[in-house]
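Enquirer: Have a look at the structure that comes next, please.
The values are calculated or read from the model by the stated rules, or taken from the named source; none is laboratory data. A quick note: this is a predicted structure, and the numbers were derived from the prediction, not measured. Here the Cβ is made from the backbone with ideal geometry for all residues, glycine too, and neighbour counts use every protein chain on show. Accessible surface areas use protein heavy atoms only, side chains included; no ligands, DNA or RNA. Shrake-Rupley method; radii C 1.70, N 1.55, O 1.52, S 1.80 Å.
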Amino acid sequence: MEQLLVHCAEAIENNDATPAQQILWVLNNIAPPDGDSNQRLTCAFLRALILRASITPSCKFILNTANNPTPTPTMMINNPTQTQTQTQTLASSSAIACGLNQMIHKFSLLDLANFVHLTPWHRFGFTVANSVILEAIEGRTGVHIVDLSVTHCMQIPTLIDAIACRYHGRHPPTVRLTVGAFTQQVPPMFDFISYDDLGNKLINFAHSKGVVLEFKAVPTTPSDGFASVLDEVRTRQQQIRLFYRNHDQDLLLEEEALVVNCQMAVHYLSHTEPEGQMMSTRSMFFKALRCLDPTMVVVVEEDVDFTSRSMVERLRSGFNYFWIPFDTVDTFLPRGSKQREWYEADICWKIENVICHEGDQRVERQEPRAKWAQRMIQAQFRAVGFIGEAVAEVKAMLEEHATGWGSKKEDEDLMLTWKGHNVVFATALVPS
């Protein structure tokens with residue numbers, strides 16, 4: 001199926017409508033939206049290719065609607081021009097079958113909390129980050145945590161719990177939490193109560209655990225390199241210096257640890273160098289972060305490469321990565337359930353973004369782990385690895401899920417795997 005998708009993508013990229021029609025017809029017949037995991041994966045890519053064709057000049061007609069019978073392969077090969085109208089019905093039915101107008105579900109607070117804990121996809125990053133954050137703040141009177149995440153603070157209750165357990169019988173550090181509130185949502189999407197209400201709930205939860213929490217949400221966007229969040233951190237550091245200007249500043253600044261927690265967020269930063277500039281927004285972000293002299297930076301990202309300028313190459317990478325969420329869903333959500341529908345709709349959104357869009361509209365710009373490591377070194381960070389406690393906690397968490405999940409160390413990083421294939425990596429960094 002991968003080769004058929006590749007050939008179809010090449011035809012669309014070359015504005016060659018006839019082979020694109022023929023392959024779409026075949027794919028439509030072998031990839032039902034309610035089939036096995038590989039068929040559903042193929043159907044998702046079929047949907048994305050149809051949408052891509054709609055913005056390709058010579059292939060636009062594929063999205064048109066007509067009331068003619070679907071052509072046979074022989075008809076299409078022998079009379080491709082005459083069967084264009086019939087093919088319109090094919091494309092229309094394919095689009096409907098694969099959910100062309102699929103709506104992304106917006107989660108309530110409780111539903112989102114349950115949803116992100118269904119699989120280790122996000123829990124892995126939460127568990128690893130919590131462990132290294134606890135080590136970084138040991139002996140400090142306060143910690144400033146900057147949370148850049150797509151899961152809308154779903155990690156924070158688990159972190160508060162971890163702090164309360166670690167400091168049982170001792171006075172825990174004061175936690176100042178600065179949250180990057182994305183002005184444009186990406187899956188999983190949140191039906192907001194408001195960040196103020198969310199902050200109050202977190203503050204009350206922390207209080208019940210004996211942890212003092214200060215909360216601030218800062219509207220931000222990846223398009224400017226999370227500039228507003230970085231400005232907030234600078235302002236906080238300046239306020240501390242001003243307040244303690246008559247005291248031992250170095251000692252007092254040392255007492256508040258700065259931890260930056262990036263969970264599936266930094267790949268939304270642009271990886272390309274704008275015209276006239278020597279550095280991408282992604283690289284500039286890490287350079288700016290290094291200037292803040294953080295105690296610890298945690299980066300958790302999907303280990304896949306979607307940075308190619310070639311749609312065909314991105315399709316290859318995507319097909320060999322997105323089979324994983326389609327394969328895993330059978331282990332934790334029954335067919336026909338609403339949650340499964342929401343889960344697969346989120347995957348389809350990502351596939352559509354990778355295949356259909358270019359430039360600023362293509363926001364799914366993941367890089368492989370090795371490329372991220374290179375960026376960190378250039379920004380003067382070094383990976384510090386994970387202690388045995390972090391590895392043990394990940395192992396314990398994975399035991400709550402299907403047996404296909406695993407973890408392994410790669411250099412200083414920790415990798416989440418499914419049936420031996422790399423899924424998500426986590427790295428802990430300090431200034432070098």
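Enquirer: Determine whether Thr295 is under 30 Å from Gly142 (Cβ atoms), touching a residue at least 60 places away in the same chain (Cβ under 8 Å), open to solvent by 10 Å² or more (accessible area, probe 1.4 Å) and not acidic (Asp, Glu).
Expert: In short, yes.
Enquirer: Still on this structure, please answer the following. Considering (1) modelled with pLDDT of 95 or more; (2) open to solvent by less than 30 Å² (accessible area, probe 1.4 Å), say which one Trp323 fails and leave the rest.
Expert: Here Trp323 meets the rest and fails (2).
Enquirer: Right, here's the next one. Of all residues in the stretch 207-216, how many are closer than 17 Å to Phe192 by Cα and either out of contact with any strand residue (DSSP E or B) (no Cβ under 7 Å at 6 or more places or on another chain) or buried (at least 20 other Cβ atoms within 10 Å of the Cβ) (or both)?
Expert: 1
Enquirer: Further, regarding this structure: Considering every residue within the stretch 24-31, establish whether at least one is assigned to a loop (DSSP other than H, G, I, E, B) and either closer than 19 Å to His357 by Cβ or of a type in the set (Val, Ile, Thr) (or both).
Expert: no
Enquirer: Okay, next question. Take Val312 and decide whether it is under 30 Å from Leu177 (Cβ atoms) and modelled with pLDDT of 95 or more.
Expert: Working: under 30 Å from Leu177 (Cβ atoms): no; modelled with pLDDT of 95 or more: yes.
So Val312 fails the test.
Enquirer: Quick one: in the stretch 114-156, of everything that is of a type in the set (D, E, K, R) and open to solvent by 10 Å² or more (accessible area, probe 1.4 Å), which residue is farthest from the chain's Cα centre (by Cα)?
Expert: Arg140
Enquirer: Next up: So, in the stretch 5-18, of the ones that are more than 17 Å from Glu352 (Cα to Cα) and at pLDDT 90 or above, which residue ends up least open to solvent (accessible area, probe 1.4 Å)? Can you show your working first?
Expert: Here is the first cut: in the stretch 5-18, the ones more than 17 Å from Glu352 (Cα to Cα) are 7, 11, 14-18.
Adding the requirement that they be at pLDDT 90 or above leaves 7, 11.
Details: His7: 90, Ala11: 9 Å².
Out of the qualifying residues, it is Ala11.
Enquirer: Quick one: which residue in Thr42, Thr56 is at pLDDT 90 or above and open to solvent by less than 20 Å² (accessible area, probe 1.4 Å)?
Expert: Thr42
Enquirer: Here's another thing I want to ask about it. Just to be sure I understand, how many residues within the stretch 271-292 are in contact with a strand residue (DSSP E or B) (Cβ under 7 Å, 6 or more places away or on another chain) and free of Cβ contacts under 8 Å to residues at least 60 places away in the same chain?
Expert: Residues meeting the conditions: 0.
Enquirer: Continuing with the same structure: What are the pairs with Cβ atoms under 6 angstrom where one residue, in the stretch 390-409, is among the aliphatic types (A, V, I, L, M) and the other, located anywhere, is in a strand (DSSP E or B)? Sequence gap at least six, or different chains.
Expert: Val394/Ser407; Leu398/Trp405
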